[in-house]
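As structure tokens, the structure follows; a few thoughts come after it.
Every number here is computed from the coordinates shown, using simple stated rules; none is lab data. Treat the numbers as computed from the prediction; the structure is a model and nothing was measured. Virtual Cβ from ideal backbone geometry, glycine too; neighbours counted across all protein chains shown.
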Amino acid sequence: MTTATPNDEVSGRAALLLGPVSIGIQSIIYQLPFESVERSLAAVARSAQLVQRTSLCKSVSVYYGDCSPTRMISDAQLEKLRAQFGMHLNVHYHFFDSNLGSARGHNALASSNSNQMFVILNPDVLMAPRVLQILVEEFKEPGVGIVEAKQLPIEHPKDFLLTTGETSWVSTACAMVASSLFQQLRGFDADSFFLYCDDVDFSWRVRQAGYKAVYQPRAAVFHDKKLSPQAQWQTSSAERYYSAEAALILSYKWSRADLTQQFLDSFKASGEDYLIKAAKKFETMRRNGTLPLPQDPEHKIGQFIAGNYAKHRFAL
């Protein structure tokens with residue numbers, strides 16, 4: 001675990017923690033049952049209770065943005081959540097009445113999230129009790145820009161530096177970022193990414209701005225994933241399509257036109273409807289001039305390694 005790319009310039013960046021801080025946790029809901037939201041929030045409340053006992057944090061708020069066709073949390077259910085967890089959390093809920101996607105949904109929530117630290121959290125993820133404390137402590141270190149928690153039962157195999165936790169990108173299944181940096185970078189690139197790779201792109205822009213993307217395995221969360229008999233992740237048709245679309249756009253944005261063309265050729269010849277659809281969407285964006293401007297031409301930030309966006313620790 002020694003090949004993640006460190007940034008030697010970050011030592012001059014001041015620590016972003018100006019504690020005690022307020023923490024605002026953001027989750028985007030899409031047709032998630034209320035019971036799953038309630039279970040996740042119970043874990044958040046315990047973590048919020050513990051971090052507020054320290055000198056690191058003065059308050060914790062949770063912001064739900066609902067992209068479902070109809071409301072998944074009624075007024076009565078929202079009051080139930082506030083009654084259950086209001087001692088440790090301020091709970092907010094916004095029904096968008098539109099499927100904004102992950103990136104645009106989080107950007108919309110950020111407009112009302114005035115806290116000093118943001119946590120981007122999948123709404124079905126369960127935090128261990130000390131997660132918020134461990135994540136916010138990382139920002140005492142100079143140059144730390146965004147910090148990711150360890151996902152269980154399947155840990156993401158991205159490589160990271162054992163000494164600092166630096167890694168290529170962080171997953172926003174559970175990640176903390178200073179709101180000042182989030183605003184400086186204008187949040188996620190919602191014009192380019194609907195569901196997937198918005199976190200990869202954001203992490204690379206964090207590093208491009210001179211900050212570290214950090215993986216912290218002491219902060220553990222449970223993120224349920226199902227495996228096939230061949231030990232492969234079982235994905236939905238939406239996951240497969242939007243991942244393919246994002247791969248094309250990410251490689252183009254981060255100046256790997258060679259990979260973009262390889263993906264296009266492969267997708268068109270695949271015979272798979274979702275890959276052909278992704279290729280057509282990309283070519284339409286190119287014709288319409290709506291693709292993002294390429295950056296990182298010297299390839300100092302973006303990593304494209306064996307089909308992944310970081311070297312994997314367990315790969316040969």
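Along the axis of the charge dipole computed for segment 250-300 (Cβ charges of +1 for Lys and Arg, -1 for Asp and Glu, origin at the Cα centre), the listed residues Leu291, Leu250, Leu275 are led at the positive end by Leu291.
Taken along the Cα-to-beta-carbon direction at a fixed 7 Å, the label points for Thr54 and Phe222 span 2.2 nm.
Between Arg82, Arg286, Arg104, where does the largest GNM mean-square fluctuation fall for the chain, given springs only between Cα atoms within less than 10 Å? In this elastic network of the chain, the residue with the biggest mean-square fluctuation among Arg82, Arg286, Arg104 is Arg286. For Phe314 and Ser236, a Förster radius of 35 Å and the Cβ-Cβ distance give a FRET efficiency of 0.90, rounded to the nearest 0.05. Only aspartates and glutamates eight or more places from Lys280 in sequence, or on another chain, were considered; those with a Cα closer than 14 Å are Glu245, Asp265, Glu272. Each label point was placed 7 Å from the Cα along the Cα-to-Cβ direction; for Ala83 and Ile276 their separation is 5.5 nm. Which of Met72, Met176, Met117 ends up with the largest GNM mean-square fluctuation for the chain, with Cα atoms connected below 10 Å? Comparing Met72, Met176, Met117 in the GNM, the peak value goes to Met72. Across the chain, the relative contact order, built from alpha-carbon pairs under 8 Å that are at least six residues apart, equals 21 percent. Answer with one residue from Gly101, Thr54, Thr70: the one whose Cα lies farthest towards the positive end of the charge dipole of segment 10-222, charges on Cβ with Lys, Arg +1 and Asp, Glu -1. Sorting the options by dipole projection puts first Thr54. In this structure the amide hydrogen of Ile29, modeled in the peptide plane, comes within under 5 Å of the amide hydrogens of Gly65, Asp66, Cys67, none closer than 5 places in sequence on its chain. Here the Gaussian network model covers the chain, with springs between Cα atoms less than 10 Å apart; of Asn115, Asn90, Asn288, Asn288 fluctuates the most.
The slack in the chain from Gln208 to Ser74, taken as 0.36 nm per residue of separation less the alpha-carbon distance, amounts to 44.1 nm.
Partner lysines whose Cα lies under 17 Å from the Cα of Lys300, excluding those fewer than 8 positions away in the same chain, are identified as Lys212, Lys253, Lys311.
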